Amino acid sequence: MEVKNLKKYYPIKKGIISKTVGYVKAVDDVSFSIYPGETVGLVGESGCGKSTTGRSLVRLEDPTSGQVIFEGKDLASISKKEMRELRTDLQIIFQDPYSSLNPRKRIGDLLAEPLLAHKLASKAEAAEKVNHILETVGLSKHYKNRYPHEFSGGQRQRIGIARALMLHPKLIICDEPVSALDVSIQAQVLNLLKDLQKEFNLTYIFIAHGLGAVKYISDRITVMYLGKIMEMAKTKEIFEHPMHPYTEILLNAYPVPNPHMRDREQIVVEGDVPSPAHPPKGCVFHTRCPFAKDICREKVPELNGTDHLIACHFPLSQ
Amino acid sequence: MAMKLNPNRNVPEAADLTSKEAVLEELGREESYLHMVTRRFLKHKMAFFGLIVFAIFVLVALLAPVLAPYDPNKIFGDFDASPSSAHLLGTDQVGRDVLSRLIFGSQVSLTVGVGAVAIYVAIGIVLGLLAGYFGKWVDMIIMRITDVFMSFPYFMVILVLVSIVGPSLSNITTVIGLLGWPAIARLVRGSVLSIKEMDYVKAGVALGYSTPKIIFQHILPNALAPILVNATFGVASAIIMEASLSFLGMGVRPPAASWGNMLTEAESITVLSSQPWLWFPPGLMILLAVLSINFMGDGLRDAIESQQAK
């Protein structure tokens, strides 16, 4: 999958005639590619546009402009009907396991539904597949007559994952799939996702605001800030040689379970994320960057590099 | 994976493996949503009372030809007769048996109540779903129409319309039904607006479900609870509406009996002061019907809301 210059602006409307007075630039000119079988982590603070990016990729949001090339087709411009057919290859796992399952449907029906809706199986076949998928995600097949409210968060998330797998997708957007879970359950679900990736040859886009889960699961990491990509590189590279000041700050914010490291030198970030309705001129991070110079306030840095992409006028030296 | 045991269920001792599977299957099937709401509803004392009274009304209405001692329109020689063994509730001013008319009147009230509400709930659900789900100009148009309907003096419009199309049971039902939907439409629209942002609806889109499937199978069932409560109260107000129209002579046309037109006789001061058997029974019936339905509505709301709070 190839994402080119993806933009998603939300108009800000005012007055009785709903005049558009400005835009919230949730995703602003984002480009990256994902190779089959890999996991790309997407990290950033709340409101940086990572979820909007994820949702635009499966057209839960219609992008304002840009292209999402998948299997040779541009998802951003094809018709709804064509999109419906392609949806079998593209799935999404949601953050909140309490709102992602229809409370009025039994687990069995909920899981069989995708197959029946796309006429991919008869009722009996679907029931068989439901049994199989429940066991694959580590749940008993006897659960299929239960309702979602009878399950814990971790179990619900497994059901959500099972539902996404029913259509045998190629790519799954994991929209903060473990953020709402207990730490102990997080590990279980992450391991499950890893196992499933091997078993079904899946490609993941893994969205998270915490670095822990992302580090564990991702092959490459993309760091976003205010709707723009700041840095993109292999997981190891990002953690060992972060080049963007923002990445460095994110890494510092991630607690290290080692008391001797308590006094390590840290770059501390000050202030809040500026409003995406009025993003700063030049480099969007300059308002909070400890190294900001005049050029940062004037010129938008390009995303440059081959393996290790970075958008900064003054990358940290290695 | 810990099996959630239901303490209320008798667990048969599993001997061999096959029956153990069966037990697991049985345990897995915890009580359904409907079951739970029914149980909570029946535990609600007022609601249970309301249900019984309402059930009696329904039975009486259905069995009216069997239960009524006389033909409701048959005229006996002695009019204005006080209750006696021949006429348990006496006779009215033209000499018809009050008890028989009362029994047949229940048919009118229930037909109008249930019929009108069925019509307007159907209209309200469809418009509310369309407005809430599609938003934008669809929402704009539907909600403005709703505002227009809500700004009419409801009773006056019904009165005028019924006088135009002519007072009859089916006309009253239809007119009330065609005018009652705005409240339901607003209620449904509101629920849909919040439900369509839920991830399970987004998941439906991502899974490639058709729009009608998402609207009717994923959104509507989750919006149904408040509609049901609202509809219950609607039945009570439709019954009152019919009684009021009949009282004003715009309802069911005499000689057909309705609780409302029976009350009309109480317009005369002599009836009001010295012939209570003519107006007290129909008045009491209206009161009981409306109260029992409102109690049911209250119980239903509590049963549903406590489930949601859980």
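The values are calculated or read from the model by the stated rules, or taken from the named source; none is laboratory data. Nothing here was measured: the structure is a model prediction, and the numbers come from that model. Because the Cβ atoms are built from the backbone with ideal geometry, glycine has one as well, and the counts that use them run over all protein chains shown.
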What is the one condition in (1) among the aliphatic types (A, V, I, L, M); (2) in contact (Cβ under 8 Å) with a residue 12 or more places away in the chain; (3) closer than 19 Å to A:E45 by Cα that A:V300 does not satisfy?
(3)
Take the residues in the stretch B:148-190 that are surrounded by fewer than 21 Cβ atoms within 10 Å (Cβ to Cβ) and of a type in the set (S, T, N, Q); name whichever of them is modelled with the lowest pLDDT.
B:S168
What residue, of A:L120, A:L192, A:L115, is within 14 Å of another protein chain (Cβ to nearest Cβ), free of Cβ contacts under 8 Å to residues at least 60 places away in the same chain and in a loop (DSSP other than H, G, I, E, B)?
A:L120
Determine which single condition B:S210 fails, assuming it passes every other condition in (1) among the polar types (S, T, N, Q); (2) surrounded by 21 or more Cβ atoms within 10 Å (Cβ to Cβ); (3) within 14 Å of chain A (Cβ to nearest Cβ).
(2)
Test of understanding: among B:A81, B:A47, B:A64, which residue is under 13 Å from B:I103 (Cβ atoms) and surrounded by 15 or more Cβ atoms within 10 Å (Cβ to Cβ)?
B:A64
Filter result for B:I215 (over 30 Å from A:T88 (Cβ atoms) and surrounded by 19 or more Cβ atoms within 10 Å (Cβ to Cβ))
no
Filtering the stretch A:66-88 down to residues that are surrounded by 18 or more Cβ atoms within 10 Å (Cβ to Cβ) and more than 10 Å from chain B (Cβ to nearest Cβ) yields A:G66, A:V68, A:F70, A:L75, A:A76
A:S140 being facing chain B (nearest Cβ under 10 Å), within 20 Å of A:Q186 (Cα to Cα) and touching a residue at least 24 places away in the same chain (Cβ under 8 Å)
no
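The rows are residues; the columns are (1) of a type outside the set (G, A, S); (2) at pLDDT 85 or above.
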{"site": "B:V235", "(1), (2)": "yes, yes"}
{"site": "B:L272", "(1), (2)": "yes, no"}
{"site": "B:P282", "(1), (2)": "yes, yes"}
{"site": "B:L291", "(1), (2)": "yes, yes"}
{"site": "B:A303", "(1), (2)": "no, no"}
{"site": "B:K310", "(1), (2)": "yes, no"}
With respect to B:I142, determine if the residue is assigned to a helix (DSSP H, G or I), modelled with pLDDT of 90 or more and either β-branched (V, I, T) or in contact with a strand residue (DSSP E or B) (Cβ under 6 Å, 6 or more places away or on another chain) (or both).
yes
Kindly check whether there is at least one residue in the stretch A:238-247 that is in the same structural domain as A:A277 (by TED's automatic domain parsing), of a type outside the set (A, V, I, L, M, F, W, C) and free of Cβ contacts under 8 Å to residues at least 12 places away in the same chain.
yes
Consider A:V24 carefully, then state whether it is in contact with a Phe, Trp or Tyr (Cβ under 9 Å, 6 or more places away or on another chain), surrounded by 12 or more Cβ atoms within 10 Å (Cβ to Cβ) and not assigned by TED's automatic domain parsing to the domain that holds A:G227.
yes
Counting only residues in the stretch A:143-153 that are buried (at least 21 other Cβ atoms within 10 Å of the Cβ) and outside any loop (DSSP other than H, G, I, E, B), the one nearest to the other protein chains (Cβ to nearest Cβ) is identified as A:Y143
